[in-house]
Amino acid sequence: MMSAKTEKRLLDVKGLTVEIETRRGPAVVVDGIDLHVDKGETLGVVGESGCGKSLTMLSLMRLLPNKIRVAKGKARFDGRDLQTMSNRELRKVRGGDIGFVFQDPMTSLNPVMRIGDQLAEPLIYLRGMSRKQARARAVELLRLVGIPGSEERIQAYPHELSGGMRQRVMIAIGLACEPKLLIADEPTTALDVTIQAQIVDLVKGLREKLGMSVVWITHDLALIAGLVDRVVVLYAGTVVEDAPVDELYANPQHPYTRGLLASIPKLSDAPASRLNSIGGTPPEPGRRPEGCPFAPRCPLAMDICRTHVPKLEPISAAGSHRAACFAVEKAREAA
Amino acid sequence: MGAQPLLKIENLVKHFHVRLGAFGERAATVHALDDVSLDILEGETLSLVGESGCGKSTTGFTILNLHRATSGKVVYKGQDLTALDEKRMRPFRRDLQIVFQDPYSTLNPRMTVGEAIGEPIFFHKLATKAELEKKVTALLTDVGLPPRFASRYPHELSGGQRQRVVIARALACQPKFIVCDEAISALDVSIQAQIINLLLDLQEKYGLTYLFIAHDLAVVRHISTRVGVMYLGRLAELASRDALFETPLHPYTKALLSAVPETDPAHERSRKRQILEGDVPSPLAPPAGCRFHTRCPIAMEVCRRVVPKWKEARPGHLVACHAVNGE
Ligand SMILES: Nc1ncnc2c1ncn2[C@@H]1O[C@H](COP(=O)(O)OP(=O)(O)OP(=O)(O)O)[C@@H](O)[C@H]1O
Ligand SMILES: Nc1ncnc2c1ncn2[C@@H]1O[C@H](COP(=O)(O)OP(=O)(O)OP(=O)(O)O)[C@@H](O)[C@H]1O
Ligand code: SF4
Ligand code: SF4
Ligand SMILES: [Mg+2]
Ligand SMILES: [Mg+2]
């Protein structure tokens with residue numbers, strides 16, 4: 001039982017803590033996050049701007065910028081330790097078994113290299129394809145992500161593409177080597193709904209065909225509703241809720257998750273001039289309050305919330321739905 | 001009644017010349033924008049929607065003369081902007097701002113956030129040195145960032161934080177018109193709502209006009225006065241928000257509206273979207289006649305040959321489609 005469970009685990013992150021060096025000493029940005037993804041599973045990671053989504057992902061690949069480092073925690077991929085793996089090994093995993101889609105296409109695409117060559121490179125170096133094979137595959141990949149005239153477009157430089165096309169080139173690069181795990185950071189922010197739908201279908205197809213696992217980082221709760229199996233909600237560098245997707249949307253527990261769901265504008269809403277938003281701003285790294293990080297903005301905050309940090313605890317008997325909130329705990333005890 | 005046009009766009013065309021082939025031996029033309037005419041009315045939010053690559057950003061850039069128009073006119077205060085060089089454009093720059101789709105490439109990496117936001121204020125002499133810091137602080141607060149961020153560099157920010165710095169910078173010089181190119185799509189819903197509310201407040205207070213480029217139709221429905229739908233470099237339809245969402249006329253608009261996702265996982269999984277048949281044609285060789293004919297479910301013979309006229313089908317509701325009769 002136990003061993004069967006570990007075997008199906010593809011990515012296992014435990015207590016990941018990331019710190020930024022500041023003038024006032026180290027500030028914690030990612031605060032002891034636990035994450036796991038099973039083989040063939042799709043995990044959605046959502047959370048407010050600045051809550052640490054991108055840094056979490058970059059730290060897994062050891063791509064953190066200067067002055068930011070992993071202070072604690074373990075990350076295992078396919079049974080191997082990502083933090084202690086040699087650089088050579090890591091280079092093979094990066095872009096090979098783990099496909100990456102970065103948030104900012106203009107900084108991760110090489111501006112002076114044709115996109116066809118950028119797509120072909122990993123296929124040649126990591127998958128041993130010939131130039132000709134790699135080129136044909138590059139054309140195919142661009143077609144799959146819905147870029148019209150892909151035979152011609154592989155000649156283009158990044159600046160000759162529209163914002164959404166650049167984003168799709170990034171997705172194509174992420175998928176190029178048919179990875180075991182795809183980590184995509186806000187991969188469809190610039191895409192319209194029809195193309196989003198096409199990308200979602202493409203990822204679902206590959207998941208079925210290759211048994212690929214996916215970590216989909218996003219702020220778009222509507223988009224991932226039909227794509228992911230499970231959702232992890234981050235707030236100020238911690239996991240505040242974790243649940244199967246249907247459960248999370250039907251029965252959100254954490255006040256932050258509820259606020260997030262309530263702020264989504266819906267097409268079926270009557271057009272209104274103002275939208276709901278969660279008041280206030282999230283705490284900055286290094287200036288987080290004692291106790292629950294959401295307390296300053298939480299409509300349910302109690303005294304205990306300002307002094308103690310709530311733990312991520314199961315709220316259902318099955319244990320698949322967890323939340324870190326004293327109010328949730330209290331309600332359950334009262335029931 | 002009715003607002004005055006702030007900008008009159010007449011038959012605007014933008015073609016890009018690119019080189020193809022392994023050695024760049026073949027020249028080709030990208031038809032990014034073809035024959036677009038519309039008025040942008042004072043105080044309105046005109047949204048532009050349409051598939052990725054259909055020419056929305058190009059429209060915004062060409063209107064602001066950041067791309068040189070191939071032909072056509074953009075008239076602002078009686079002046080055709082397309083005829084101006086950068087120097088003569090300068091007096092208009094303060095009025096006409098843009099929030100770029102790609103925030104990273106628009107911020108100078110060696111300038112702090114405070115300098116980036118303060119620069120246009122300083123340049124246009126909108127505040128004394130003493131007031132400058134207060135102004136920057138107020139702008140940062142408006143976009144939901146702590147004032148301390150003024151001393152950070154762009155690379156020290158998350159994607160959504162950078163996006164908000166770019167918005168603050170555009171607002172800094174108190175413009176009349178802002179092109180918001182996917183300005184809020186990198187933001188989570190709560191901050192999105194905060195920024196939308198801010199944009200609406202400023203509009204009410206100062207009569208700002210927005211050209212709002214976005215793909216999130218729910219957001220577009222919330223904030224727009226009118227909505228234009230583009231397909232492959234041409235305008236397909238333009239109408240008031242309600243007319244467009246409730247009684248769309250163009251077959252492409254109808255398909256676009258059917259694809260919006262909803263936050264109901266079970267429904268979302270089982271739902272069949274009206275995914276358009278066929279690939280998006282290449283703007284390097286757009287189809288003759290109606291550019292949508294290769295994918296239109298009701299295309300007729302004439303659609304393959306004749307470009308449909310841009311006509312007023314109902315009062316204030318413009319459309320380019322042979323199947324829609326004018327009144
Ligand atoms: N190089 C850096 N120096 C200092 N602070 C940084 C640096 N990079 C990121 N940060 C801060 O760390 C926090 C987390 O950043 P991260 O990029 O992970 O956010 P995110 O969740 O991806 O947000 P978004 O949705 O806006 O992309 C932010 O508050 C950001 O300001
Ligand atoms: N500098 C350029 N050189 C060559 N082609 C270009 C250039 N800029 C844009 N294009 C092309 O013009 C077309 C329209 O691009 P544009 O950026 O306007 O699209 P968009 O509607 O904004 O798309 P998105 O929603 O993806 O941002 C695309 O085919 C694009 O590749
Ligand atoms: S622990 Fe307290 S402050 Fe935190 S979310 Fe729950 S009720 Fe709100
Ligand atoms: S003009 Fe013809 S092809 Fe074009 S949208 Fe109308 S019916 Fe369809
Ligand atoms: Mg990010
Ligand atoms: Mg664009």
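Some notes on this structure:
- Each helix, a run of at least 4 DSSP H residues, gives -39500 (n - 2.57); summed and divided by the residues of chain B, these come to -9500 deg cm²/dmol at 222 nm.
- Two-decimal log10 I(q)/I(0) for segment A:208-328, as the Debye equation yields it once each C-alpha is a single scatterer, q = 0.10, 0.12, 0.14, 0.22 Å⁻¹: -0.35, -0.50, -0.67, -1.36
- FRET efficiency, B:ARG19 to B:VAL306 (Cβ-Cβ, R0 25 Å, nearest 0.05): 0.20
- Seen from A:LEU248, the other residues with C-beta closer than 10 Å to its C-beta sum to a net charge of -3, counting Lys and Arg as +1 and Asp and Glu as -1.
- A simple count of charges around B:PHE123, restricted to other residues whose Cβ falls under 14 Å of its Cβ and scoring Lys, Arg +1 and Asp, Glu -1, yields +4.
- The value given for chain B is a Kirkwood hydrodynamic radius of 21.2 Å, derived from the mean inverse Cα-Cα separation.
- Relative contact order for segment A:105-233, counting Cα pairs under 8 Å that sit 6 or more residues apart, in percent: 24
- Helical segments meeting 24 Å axial Cα length and Kyte-Doolittle -0.5 threshold in chain B (DSSP H): B:189-206
- Residues in segment B:111-171 average 46 Å² of solvent-accessible surface per residue, probe 1.4 Å, ligands and nucleic acids excluded.
- Computed over segment B:100-216, the Cα gyration tensor eigenvalues convert (square root of 5λ each) into semi-axes of 20, 18, 13 Å, ordered from largest to smallest.
- Computed from protein heavy atoms with a 1.4 Å probe, the total accessible area buried between B and A is close to 5500 Å².
- Carbon/sulfur fraction of accessible area - chain B, other protein chains in place, 1.4 Å, %: 53
- Quarter of the Cα convex hull surface for the protein assembly as shown, i.e. its orientation-mean projected area (nm²): 31.3
- Debye equation applied to the C-alpha atoms of segment B:1-121, log10 I(q)/I(0) at 0.13, 0.16, 0.19 Å⁻¹: -0.66, -0.94, -1.18
- Among the residues of segment A:41-89, those with an accessible-area drop of 30 Å² or more from chain alone to full protein complex, heavy atoms and 1.4 Å probe, are A:GLU48, A:SER49, A:GLY50.
- Segment A:10-52: trypsin sites (Lys or Arg not before Pro) falling in loop per DSSP and having at most 11 other Cβ within 10 Å: A:ARG23, A:ARG24
- Taking a point 7 Å from the Cα of B:SER151 along the Cα-to-Cβ direction, the residues of segment B:106-129 with backbone N closer than 20 Å to it are B:109-119.
- Amide H within-cut-off set for B:ASP39, under 5 Å, with H built and near neighbours excluded: B:ILE9
- For segment A:25-40, Karplus couplings with θ = phi - 60° (6.51, -1.76, 1.60), whole Hz, Gly/Pro x: x, x, 10, 7, 9, 10, 10, x, 7, 9, 9, 8, 9, 8, 4, x
- Most mobile of B:VAL189, B:VAL280, B:VAL75 in a GNM of chain B (Cα contacts under 10 Å): B:VAL189
- Largest-first ellipsoid semi-axes for segment B:111-171, taking √(5λ) over the Cα gyration tensor eigenvalues, angstrom: 18, 11, 10
- Unpaired Cys in chain B, meaning no second Cys C-beta under 4.7 Å: B:CYS54, B:CYS173, B:CYS180, B:CYS296, B:CYS321.
- Rounded to the nearest 0.05, the FRET efficiency derived from the C-beta distance between A:ARG143 and A:ASN251 at R0 = 30 Å is 0.15.
- Carbon and sulfur %, accessible surface of chain A computed with the full protein complex present, 1.4 Å: 52
- Summing Lys and Arg as +1 and Asp and Glu as -1 over all other residues whose Cβ lies under 12 Å from the Cβ of B:GLN192 gives a net charge of -4.
The values are calculated or read from the model by the stated rules, or taken from the named source; none is laboratory data. All values reported here derive from a predicted model rather than from experimental measurement. Reconstructed Cβ throughout: ideal geometry from the backbone, glycine too, with neighbour counts over all protein chains shown. Only protein heavy atoms, including side chains, enter the accessible area calculation; ligands, DNA and RNA are left aside. Shrake-Rupley method; radii C 1.70, N 1.55, O 1.52, S 1.80 Å.
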